[in-house]
Structures are given as C-alpha cells and as structure tokens.
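The values are calculated or read from the model by the stated rules, or taken from the named source; none is laboratory data. These figures come from a predicted structure and were not determined experimentally. Don't worry about glycine lacking a Cβ; one is built from the backbone with ideal geometry, like all the others, and counts go over all protein chains shown.
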Amino acid sequence: MRQYWYVACLAMLLLASLRESCVWAAEQAQSPRTYYVDADKGQDAADGLTPETAWRSLEKVNAAPLHPGDRVRFRRGALWRGQLVPHNGDAASHVTYGAYGDGPKPALLGSVAMNSPSDWTHVGGNIWATVTGGDPSVALSVDVGNIIFDEGRATGVKKWSEADLREAGDFFYDAGAQQVRLWSSGNPADAHRSIELAMKRHIIDQSGRSHVTYENLSLRYGAAHGIGGASVRDITIRDCDLSFIGGGHQLTRPDGVPVRYGNGIEFWSDARDCLVEGCRLWEIYDAALTNQGSGTNIQENIVYRRNVIWNCEYSFEYWNRGEASRTNNIRFEHNTCVDAGFGWGHRQRPDRNGRHLMFYNNSATTSNFVVRYNIFCNATDSLLRLHGRDWTSTLTMDYNCWYQPKGAILLWGQDSIDAAEFVAHQHQRGFDVHSIVTDPKFVDAPMRDYHLTSDSPARRLMANSLPAGALP
C-alpha cells in the first residue's frame with residue numbers, strides 16, 4: 001500500500017511539472033519578442049534579444065522563426081545589402097520591421113558597391129569592366145538596371161550592347177559574363193567616391209505576405225521595386241524613405257524594344273487592406289506609389305496619405321485589367337507631389353510620360369476611388385493622364401491644389417486641358433469643385449522643403465484642421 005502511495009505521488013508530481021512546462025512553453029511561444037540587428041557589431045550566432053547581442057545579417061532575419069507580434073529593429077546609421085523577405089503576422093498582431101538607436105534611418109540597399117580601383121579592369125579604349133573575383137557577395141547574377149554615382153549626384157545610362165557605349169556613364173550589363181561594362185576616361189573608382197550597381201531584385205519582396213509593418217527604414221539603389229509583391233493583405237508602410245529605385249530590364253517587346261521597370265511601392269494583383277503613410281519617395285524610374293494588376297484579381301481598401309514625392313516619373317499610377325476584376329475603396333489623400341518626370345529615369349525612357357496621376361487603361365469594375373486634399377505641382381508632361389477607357393464615373397476628386405507653370409494640366413484621353421480650360425472640364429464631370437489652380441507656395445522648394453508658407457493658398461483646403469498636402 002505504501003509503495004502504491006509513493007508511485008501515485010510521484011506520478012502527480014510529474015504531471016504537475018509537465019503541466020507547468022507546457023504552460024511556460026506556450027507563454028514563451030506566444031509572447032512577442034524584439035530582435036535587434038547591427039550590421040557592424042552584431043553576430044548571427046547571438047540570440048538577437050538585446051542591442052549587445054544583436055544579429056548581423058539580413059539572411060539571419062529572413063531565416064528567423066518570427067511570430068505574430070515580434071519586432072525586428074535595425075540599428076540606425078547602419079546599412080545592409082540584399083533582400084528582406086518578411087514573415088507573416090496575424091490579424092491581431094503584425095510582425096514589424098523598424099529601427100532603434102540614434103542617427104539616420106537604417107538603410108537597406110539593393111546594390112553592389114564597386115568603389116575600389118581593384119573592382120574595375122581596363123578592357124580597351126574607354127571601356128572598363130567589373131571584377132568580382134569569385135566573391136558571391138558581389139556577384140552580378142541578375143540585371144544591373146542603374147548605376148548611382150556619389151550618393152545620387154549622377155547616374156549611369158543603360159545601353160543594350162557594348163557597341164552603344166559612347167560617352168561617360170554609358171553602361172552595358174553582360175548577362176552571360178555577369179559583368180558590367182562602363183564608358184570612363186579612367187578607372188571609374190578614381191573619379192567617384194561611391195559607385196552603386198543597382199540589382200534587379202525587390203529590396204523587400206512581400207509576395208504572399210500579410211499583417212506586416214515596415215517603419216523608419218531607408219530603401220535605395222534597387223533596380224526592381226523598392227517594396228513589391230502580389231497577393232498581400234494588411235500591410236502598413238510608415239515613415240520610410242525610398243530613392244533611386246528601378247531601371248531593370250523587365251522584358252523585350254516583339255519589335256525588339258527593351259522595356260524597363262521599377263516602382264517605389266507596388267501592390268500587385270490581389271492586394272487588400274494596405275496603408276502607406278508618412279513616406280518620402282524620390283528618383284523612382286516608374287511610379288512612386290501604385291496598385292495595379294491583371295487577370296482576375298481584387299484591389300481593395302488601400303490608403304496612401306501624407307506622403308511626399310518628387311522626381312518620379314509618376315507619383316501615383318493605377319490600373320487593373322480583366323473585366324472580372326474589381327477595385328474598391330482606394331484613397332489617395334493629403335500627399336504632396338512635385339516635379340513628376342524630372343528624375344534620372346525620364347531622360348532614359350523611350351516613353352517619356354511625366355505625370356503625377358497616371359491612370360492607364362482600366363477594365364476592372366472600380367468603385368469608391370478618392371483623390372482629395374493633395375498638392376500636384378509641376379510635371380514634364382501633365383499633372384494627370386487618363387489613358388484608355390474612361391472609368392472615372394466612380395472617382396471622387398476634390399479639394400486638391402493643382403499647379404502647372406506651363407503646359408497641360410490634364411491629358412484626358414486625347415484632349416489636352418490647360419489651366420484656362422481646367423475648371424470647366426472638371427466641374428462638368430463633378431470633379432474638383434472646391435479645388436484650386438495656383439502655386440502652393442512651399443517654404444523652400446529648391447531645397448526640398450515642401451512645408452507650406454504661412455500665406456499658402458493650399459491652407460484654405462482644410463480637412464480635420466490639416467491643409468492640403470502632406471506637410472502643414
């Protein structure tokens with residue numbers, strides 16, 4: 001009897017211990033964690049749970065078993081090269097990628113640096129070629145869509161054969177040799193303190209991801225999209241900077257003409273419940289912001305607000321194709337859009353098309369599309385273009401400040417609409433009844449300070465005590 005009692009007590013103790021272990025394990029699995037990443041002092045073998053035990057690489061971040069509610073914080077002032085592939089959160093808790101520490105926003109670069117004279121070899125005449133020496137970290141295994149010199153003071157000009165290299169900055173990507181050839185009168189690294197070769201990859205590839213937040217990150221020097229991917233849901237992009245994006249070879253048309261591409265932030269086919277706010281975007285080959293798609297898909301509940309955009313071919317581009325497709329509740333509000341078509345890509349495009357609003361042919365059923373309280377200032381071609389089918393009966397457009405110093409404000413189908421015709425054209429369609437056509441008066445536009453002066457007419461376009469545009 002005593003032996004039975006002893007065995008029973010032992011079993012009860014073991015069960016209690018096992019129960020406590022299971023509860024502890026469940027709590028640990030469900031408790032959100034913050035992980036730190038330091039490109040200079042981190043170690044991928046560390047636990048990542050403190051700044052002193054930070055991880056080091058994007059590869060470690062991508063491979064980590066993150067859970068809903070977890071946060072990954074990159075050290076401010078540091079930079080990483082490569083591609084971030086985010087993890088899913090859930091409807092209750094996002095996985096968040098952000099920053100910690102002091103200094104500039106952490107930088108994610110989609111480029112390979114070729115800053116040393118030893119990175120280049122002279123191959124004859126004024127042609128210099130990249131040397132990788134078998135180092136996989138600098139292998140040019142995909143198209144190089146742009147070269148950024150000296151943090152953006154100049155860019156290369158992409159050509160499609162070595163025979164076309166005729167002047168400084170002309171470059172050709174040789175896919176077979178995985179090599180760039182560049183026209184330069186001497187070793188390029190002697191003439192420039194930094195040379196970044198932008199690779200044709202999204203800097204953040206969020207295909208199929210959901211419930212993710214990115215905040216306070218700087219993305220630059222990629223030749224595909226800054227943030228791109230199809231079939232996303234509940235994505236928040238907040239207070240991020242994106243610059244010098246795009247230019248990669250997308251396809252070659254049947255007539256032999258190559259097509260390049262690259263958007264700052266793109267939601268492609270089946271994107272829902274997304275928010276982009278407080279971001280700055282400049283020097284983008286195609287659109288700073290866009291939702292677009294083809295086939296049968298749904299684009300729904302996407303908001304762009306309080307973003308500042310300059311020197312992009314388009315500030316915002318929309319289209320959705322497939323008559324069975326649907327677009328609903330897209331809101332572009334309180335954004336400041338300046339100098340469309342004045343970026344690096346415009347000069348190289350075969351289809352120069354600088355616009356702030358680019359509405360390409362759209363065959364999807366479209367409803368509740370809102371463009372309000374924005375500033376659209378200066379473009380090489382026009383402030384807005386409607387191309388193809390006129391789907392705008394469900395478009396709300398009002399309380400905007402439009403300013404085109406010269407040339408057309410709108411290209412509506414085949415009709416070019418200037419400032420004198422703008423009011424009648426828009427009012428006839430129920431658009432821009434409360435909008436104004438005038439200089440918004442920025443504090444210092446040449447220095448990219450797009451805050452409004454105290455006497456700015458855009459201050460008359462108020463919503464919730466905020467004037468039109470992104471910056472009061």
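For residues that are surrounded by fewer than 18 Cβ atoms within 10 Å (Cβ to Cβ) and either at pLDDT below 95 or under 18 Å from the mean Cα position of the chain (by Cα) (or both), scanning just the range 350-359, find the one that is farthest from Gln404 (Cα to Cα). Spell out the reasoning first.
We begin by selecting, within the range 350-359, every residue surrounded by fewer than 18 Cβ atoms within 10 Å (Cβ to Cβ); these are 350-352.
Narrowing further to those that are either at pLDDT below 95 or under 18 Å from the mean Cα position of the chain (by Cα) (or both): 350-351.
Numbers: Pro350: 23, Asp351: 21 Å.
Restricting to residues being surrounded by fewer than 18 Cβ atoms within 10 Å (Cβ to Cβ) and either at pLDDT below 95 or under 18 Å from the mean Cα position of the chain (by Cα) (or both), the top hit is Pro350.
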Next item on the list: Hey, could you check the range 202-225 for residues that are closer than 30 Å to Glu162 by Cβ, in contact (Cβ under 8 Å) with a residue 60 or more places away in the chain and touching a His at 6+ places or on another chain (Cβ under 9 Å) and say which is surrounded by the most Cβ atoms within 10 Å (Cβ to Cβ)?
Entry: Gly222
Next item on the list: Taking Tyr97 as meeting all but one of (1) among the hydroxyl-bearing types (Ser, Thr, Tyr); (2) touching a Pro at 6+ places or on another chain (Cβ under 7 Å); (3) farther than 23 Å from Gly82 by Cβ, write down the number of the exception.
Entry: (3)
Notebook entry, point to check: Does the range 237-293 hold any residues that are in contact (Cβ under 8 Å) with a residue 40 or more places away in the chain and among the hydroxyl-bearing types (Ser, Thr, Tyr), and which are they?
Noted result: Ser243, Tyr285
Next item on the list: Please work out which one of (1) surrounded by 18 or more Cβ atoms within 10 Å (Cβ to Cβ); (2) within 19 Å of Val308 (Cα to Cα); (3) of a type in the set (Ser, Thr, Tyr); (4) in contact (Cβ under 8 Å) with a residue 40 or more places away in the chain is the condition Thr380 fails and give its number.
Entry: (1)
Margin query: Within the range 357-376, does at least one residue satisfy the condition of being in the same structural domain as Asp286 (by TED's automatic domain parsing), free of Cβ contacts under 8 Å to residues at least 60 places away in the same chain and under 23 Å from Gly152 (Cα atoms)?
Written below: no
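Could you tell me whether His434 is at pLDDT 95 or above and closer than 25 Å to Arg306 by Cα?
On the way: at pLDDT 95 or above: yes; closer than 25 Å to Arg306 by Cα: yes.
Taking the combined requirement at face value, the residue satisfies it.
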Margin query: Tally up the residues in the range 117-157 that are surrounded by fewer than 18 Cβ atoms within 10 Å (Cβ to Cβ), of a type in the set (Ser, Thr, Tyr) and not in a helix (DSSP H, G or I), please.
Written below: 3
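Does at least one position in the range 424-437 carry a residue that is among the β-branched types (Val, Ile, Thr), farther than 17 Å from Asn374 by Cα and surrounded by 14 or more Cβ atoms within 10 Å (Cβ to Cβ)? Write out each step before concluding.
Start the filter on the range 424-437 by keeping residues that are among the β-branched types (Val, Ile, Thr), which leaves 433, 436-437.
Right, trim to farther than 17 Å from Asn374 by Cα and you get none.
No: zero hits.
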Item checked: Flag if Leu281 is part of a strand (DSSP E or B) and surrounded by fewer than 23 Cβ atoms within 10 Å (Cβ to Cβ) -> no
Next item on the list: Kindly list the number of the only condition in (1) modelled with pLDDT under 95; (2) in contact with a Leu (Cβ under 6 Å, 6 or more places away or on another chain); (3) not β-branched (Val, Ile, Thr) that fails for Leu410.
Entry: (1)
Next item on the list: With a cut-off of at least 1 residues that are of a type in the set (A, V, I, L, M) and closer than 18 Å to Trp282 by Cα, name the strands (runs of 3 or more DSSP E) lying wholly within the range 193-250.
Entry: 195-199, 218-222, 230-238, 241-245
Next item on the list: Please verify whether the range 143-150 includes one or more residues that are without any contact (Cβ under 8 Å) to a residue 24 or more places away in the chain and at negative phi.
Entry: no
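Out of the residues in the range 83-98 that are among the small types (Gly, Ala, Ser) and surrounded by 19 or more Cβ atoms within 10 Å (Cβ to Cβ), which is nearest to Tyr36 (Cα to Cα)? Let's see the steps before the verdict.
Kept after step one, since they are among the small types (Gly, Ala, Ser), are these residues of the range 83-98: 89, 91-93, 98.
Going one step further and asking which of them are surrounded by 19 or more Cβ atoms within 10 Å (Cβ to Cβ), we end up with 89, 98.
Numbers: Gly89: 18, Gly98: 10 Å.
Among those residues, the one meeting the criterion is Gly98.
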Notebook entry, point to check: Are any residues in the range 31-86 in contact with a Pro (Cβ under 8 Å, 6 or more places away or on another chain), basic (Lys, Arg) and outside any loop (DSSP other than H, G, I, E, B), and if so, which ones?
Noted result: Arg71, Arg75
